[in-house]
Amino acid sequence: NRIHYKEQFMAIERTFSIIKPNAVAQNVIGEIERRFEQAGLTIIAMKMLKLTREEAEGFYAEHKGKPFFAGLIDFMTSGPMIVQVLEGENAIHHNRELMGATDPAKAAPGTIRADFGSHEQVSANAVHGSDSPISAAREIRYFFTEDELFPH
Ligand code: IDP
């Protein structure tokens with residue numbers, strides 16, 4: 001039946017998103033949120049916060065030891081950012097498409113990172129988005145409790 005079909009084929013997912021400190025400093029929070037909303041993703045949780053080094057290191061634990069790690073932590077603790085949960089069909093992949101490639105200089109034209117990321121500093125690439133369902137679950141839990149999520 002119809003309901004069954006929808007459940008099976010419309011993968012409604014949640015993904016974790018950050019509007020990074022450089023984008024907050026550039027005053028483009030609204031422009032970035034507009035892109036998510038126009039693409040059909042719904043913001044079901046959000047807050048502004050400034051990470052401590054410990055929090056940033058825990059969040060990016062998988063990158064510990066990489067040459068860019070210290071610079072990434074410096075950048076991610078440099079100012080306030082927006083953490084949020086986006087919900088929608090294929091939200092994880094859809095968000096990654098809207099974001100564009102990690103390096104803003106290589107991101108496709110019209111993507112968030114191409115438009116708002118730094119072309120001098122890869123870490124300042126404007127946004128973060130979970131890369132898999134397992135990461136999404138971990139990252140959402142890192143910043144939000146269940147009662148801070150407001151599904152539509
Ligand atoms: P992603 O954010 O596109 O998933 P990851 O490889 O998971 O990319 O890297 C996490 C973050 O670390 C990136 O968003 C970027 O801010 C930073 N980063 C990744 N690679 C580099 C690099 O080569 N130089 C500086 N920063 C980097």
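The values are calculated or read from the model by the stated rules, or taken from the named source; none is laboratory data. Just so we're clear, the structure is a prediction, and the values are computed from it rather than from any experiment. Using ideal geometry, Cβ is built from the backbone for each residue, glycine included, and neighbour counts are taken over all protein chains shown. Note: accessible area is taken over every heavy atom of the protein model, side chains too, but ligands, DNA and RNA are not part of it. Shrake-Rupley method; radii C 1.70, N 1.55, O 1.52, S 1.80 Å.
Structure notes:
- For the stretch 75-127, with +1 on Lys and Arg beta carbons and -1 on Asp and Glu, the positive-most of Pro109, Ala126, Phe75 along the dipole: Phe75
- Tail weight of P(r) past 19 Å, computed on alpha-carbon pairs of the stretch 83-138, percent: 28
- Phi-derived couplings, Karplus 6.51 cos²θ - 1.76 cosθ + 1.60 at θ = phi - 60°, listed residue by residue for the stretch 22-33: 5, 6, 4, 5, 7, 6, 10, 4, x, 5, 5, 4 Hz, with x used for Gly and Pro.
- Relative contact order (%) - criterion: Cα under 8 Å, at least six apart; region: the chain: 35
- Seen from a random direction on average, the alpha-carbon convex hull of the stretch 1-132 projects onto 8.6 square nanometres.
- Solvent-accessible ranking of Leu149, Leu98, largest area first, probe 1.4 Å: Leu98, Leu149
- The trypsin sites (Lys or Arg not before Pro) of the stretch 75-136 include none that meets both criteria, a DSSP state outside H, G, I, E and B (loop) and at most 11 other C-beta atoms within 10 angstrom of the site's C-beta.
- In the chain, helices alone account for a calculated mean residue ellipticity at 222 nm of -11000 deg cm²/dmol, with every DSSP H run of four or more residues adding -39,500 (n - 2.57).
- Overall, the stretch 4-116 carries a charge dipole of about 180 debye about its Cα centre when +1 sits on the Cβ of Lys and Arg and -1 on the Cβ of Asp and Glu, all other atoms neutral.
- Fraction of accessible area attributable to carbon and sulfur, the chain (%, probe 1.4 Å): 54
- Remark: the chain carries 56 Å² of accessible area per residue (probe radius 1.4 Å; ligands, DNA and RNA excluded).
- Tyr60 sits with roughly 20 Å² accessible to a 1.4 Å probe, with DNA, RNA and ligands left out of the calculation.
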